[in-house]
Amino acid sequence: MKISKKEVINVVKLARIDIEEGALDKFAGQIGKILEYIDTLNNVDTTGVKPTSHAISLTNALREDELKESINRDDALYNAPEKEDGFFVVPKVIE
Amino acid sequence: MKLHELTIQDAHNLLKKKEISSKELTGAVLDRIEEVDEKTGAYITVVKKEALLDAENADKCISKGEITPLTGIPLSIKDLICTKGVRTTCASKILENFTPPYDATVITKLKKAGAVITGKVNMDEFGMGSSTENSGLKTTCNPWDVTRVPGGSSGGSAASVAADMCLGSLGSDTGGSIRQPASHCGIVGMKPTYGRVSRFGLVAFASSLDQIGPLTKNVSDCALIMNTISGYDPKDSTSVPKDVPDYLSALETGIEGLTIGVPREFDLDEGVHPDVSMAVKNAVKKMEELGAKCVDISLPHSKYAVAAYYVIATSEASSNLARYDGVKYGLRDKNQNNLIEMFKNTRKAGFGPEVQRRITIGTYALSAGYYDAYYGKASQVRTLIIEDYSKAFEECDVILSPVAPAPAPEIGENAEDPLAMYLADIFTLSANLAGIPGISLPCGFSNEGLPVGLQLTGGHFNEETILKVAYNFEQATDFHKKKPNI
C-alpha cells in the first residue's frame, strides 16, 4: 500500500478533518490508489526544469495604497455562526 | 418559437425591436424552470422576484434606448460565483446558508450590462468532480437522458442551458468543468485564457487553474458573454491588463488557410468510445472541407497531465479550503469542547467525501518531506506541458480533440472509483495546466442519442481564433439545433 492507515490518520489530523474509524480503510485505499497513479510522474526526467506556479506569470501586480470603501462590520459579521458585541465568538482556546 | 428557446442574440434582436419585453422573456424562462426543473434538478436557488424586478428595470432601460447585447437576458450562475444578497453554497453543506456581502466582478459586469439573473445552479461541491454527483445538496440529471449525469463540475449550468431554463450561464473551469458538461449536454462552453476573466468573487478551488467562462446555446452567444465578462480587474492580481477584442466580429471570417493540429497522443482508436471517435473524425473532415489544413502534432507529455493536475489541484485546494473553519461564516458544528475539536467536527460535517479526499491528498503532497517529490515534481511537469503547447502552436493555429472519452455516464457509474473519474478528464485538464483557452461545441450524437462535443484549444489570449473555427464549424453543421426532449 502506498500510504499506511497510520499516515492517513496523521495527514487527516494536519488537515483538521475527522474520518470515522470504520471508513478509514476504504479512505486510505482510495488515497493510496490515487497516489500510486501520481507516481507515474517519476517516469519524467525533470532535471534542470524550472517549476511553474502560474501559467501566465505576472510579476509585481502593484497598485497605489489608497484608502477605499470596504464592507462594514455588520456585513462582515452577517454570516458568523456566533457573534457578540461586534466580534466573532469561538470556543475557549486557553485551558 | 417559444421564448425560453431563444438564443441570446435572437432574444436581443426582439427586445431591441420591442417585439418582446424582458418581463415576458424572463417570465417564460421562470415558467420553464417550474415546468422541467423537477426532472433535471439544475437549480439550487431560483430568485423569481428579483429576476422579474431586474427584467422590469431592463425594460425601462430599453424603452429609453439604453440596450446592451445582454440587457434583459435571463442567465443562470454557477453557485460558486458570489452574488450579493443571494445564497452562494458551492453545493456544500459547509456553505449551505452563506450569503455573500459582495458581488463577484463578473456579476457586477453582468448587472451593469442589464442582464437578468434567474438563480444559482448546482455543481460538484467546490467544483471537485466531473459529474455533479459530488454536490452536497442535490442531484442534477442530464436533460438528454435523466438516468445520466450532466457532466461537471458546472453540471447545473449545462443542464439549465440545454433544457432552456436560462438563455446562457456562467460556470467555472479548473480541469474541464465548463467544457465537459457542455459536451455532455450538447451546448457550447468556453474556458478563457487564465487571467482573461476576473476571478474576484469566484470561490477558490485551485487558484492557478480556475477560470470563469460562459455556457451557451451557440458560439455567437458565447462570444457575446465573453465581450461582457473579459478584461483586467484590479481586484484580481492574476487578471491580465490586456485589451479585450470584439469576439463577435472575430466570427465574421472563414477558416481557409488555418492549420488545425490533431495530437497523435490523443489516440482516437484506443480508450475513446467509438461514437465519440467517429464524431471527432467527421469533424476533422468537415474542417478540411471548410478549407482548414489538419496536421499531425505531438504533445509528448500529455500522458502525465492527469497525474500532475491532481497533485497541483489538490495541493491548492487543501490550502484554499483551510478557510472553512466554522469561525467567520458557514457551518459550525455545535458538538465541541475546544477550538481544534470545533474545526474538525465542522469540517467533517460540512465537507463531502470527494472534498475530504482531495484535501487529504493535497495536505499529504504539501507536507514536510513530500513537497519536492509531489508538488515540486508536478510543477516541473507542468512546465514541460506548457512547452509542448508552445511548440505545437508554432505548427498550428488551433488544436482539435474530443472533450471527453465517452458520452455522459449513468448516474452512479463511477461512484466507487474516484481515479476512474479523474482519468476521464484527460483531454481537458492540460488546457488549465497550460493556461490556454478552450471551447467545447456539439459535433455529433452517440447511437443512443447522447451529445458528443468537440474541443478546440488555442494559444494564450487567442480566444478569437478558436471562436472563429468553432463558429464556422457550427454554421456548417446542425448538431447545435437539436434539443433534448424533456
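A short reminder: the numbers here are calculations on the coordinates, not readings from a lab. Not measured: the values here are computed from a predicted model. We place every Cβ from the backbone using ideal geometry, glycine too, and count neighbours over all the protein chains shown.
Quick look at the values:
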read-out: Point-charge dipole on Cβ atoms (K/R +1, D/E -1) for chain A, about Cα centre, debye to 20; value: 520
read-out: Of every Cα-Cα pair in the stretch B:397-486, the percent that sits beyond 15 Å; value: 65
read-out: Chain lengthening between B:Glu96 and B:Asp267 when straightened (0.36 nm per residue, less Cα-Cα); value: 57.3 nm
read-out: Gaussian network model of chain A, springs between alpha carbon atoms under 10 Å - residue of A:Ile71, A:Ile38, A:Ile17 with greatest fluctuation; value: A:Ile71
read-out: Tensor-based shape of the stretch B:174-311 (alpha-carbon gyration tensor, a/c under 1.5 rounded, otherwise prolate or oblate); value: oblate
read-out: Extension gain from B:Asn282 to B:Lys303, taking 0.36 nm per residue of separation minus the Cα-Cα distance; value: 5.1 nm
read-out: Euclidean distance between Cα centres, the stretch A:26-43 to the stretch B:413-460, Å; value: 22
read-out: For the protein assembly as shown, share of DSSP beta bridges that run antiparallel, in % to the nearest 5; value: 70
read-out: Choice from A:Ala61, A:Ala28, A:Ala80 with maximal GNM fluctuation in chain A (Cα, 10 Å cutoff); value: A:Ala80
read-out: FRET efficiency, B:Gln475 to B:Glu24 (Cβ-Cβ, R0 41 Å, nearest 0.05); value: 0.90
read-out: Calculated FRET value between B:Glu50 and A:Asn72, using beta carbons and R₀ = 22 Å, to 0.05; value: 0.50
read-out: Efficiency of FRET between B:Glu394 and B:Glu34 - r from beta-carbon atoms, R0 51 angstrom, step 0.05; value: 0.45
read-out: C-alpha center-to-center spacing [the stretch B:334-397, the stretch B:113-135] in angstrom; value: 22
read-out: Rg/Rg_globular for the protein assembly as shown, with Rg_globular taken as 2.2 N^0.38 Å and Rg from C-alpha atoms; value: 0.93
read-out: Shielding by partners, peptide A:57-67 (average Cβ within 10 angstrom, other chains); value: 2
read-out: Sequence-separation-based contact order of chain B, relative, with Cα cut under 8 Å and 6+ spacing, percent; value: 17
read-out: Kirkwood-Stokes translational diffusion coefficient of chain B, alpha-carbon pairs, 20 °C, 1.002 mPa s, µm²/s; value: 97
read-out: Hydrodynamic radius by Kirkwood, which averages 1/r over all alpha carbon pairs of the stretch B:133-188, in angstrom; value: 10.8
read-out: Rounded to 5, the percent of DSSP beta bridges in chain B classed as antiparallel; value: 65
read-out: For A:16-27, mean number of other protein chain Cβ atoms within 10 Å; value: 4
read-out: Those residues of the stretch A:1-37 whose amide nitrogen sits under 20 Å from the label point placed on B:Ala415, 7 Å along Cα→Cβ; value: A:20, A:22-31
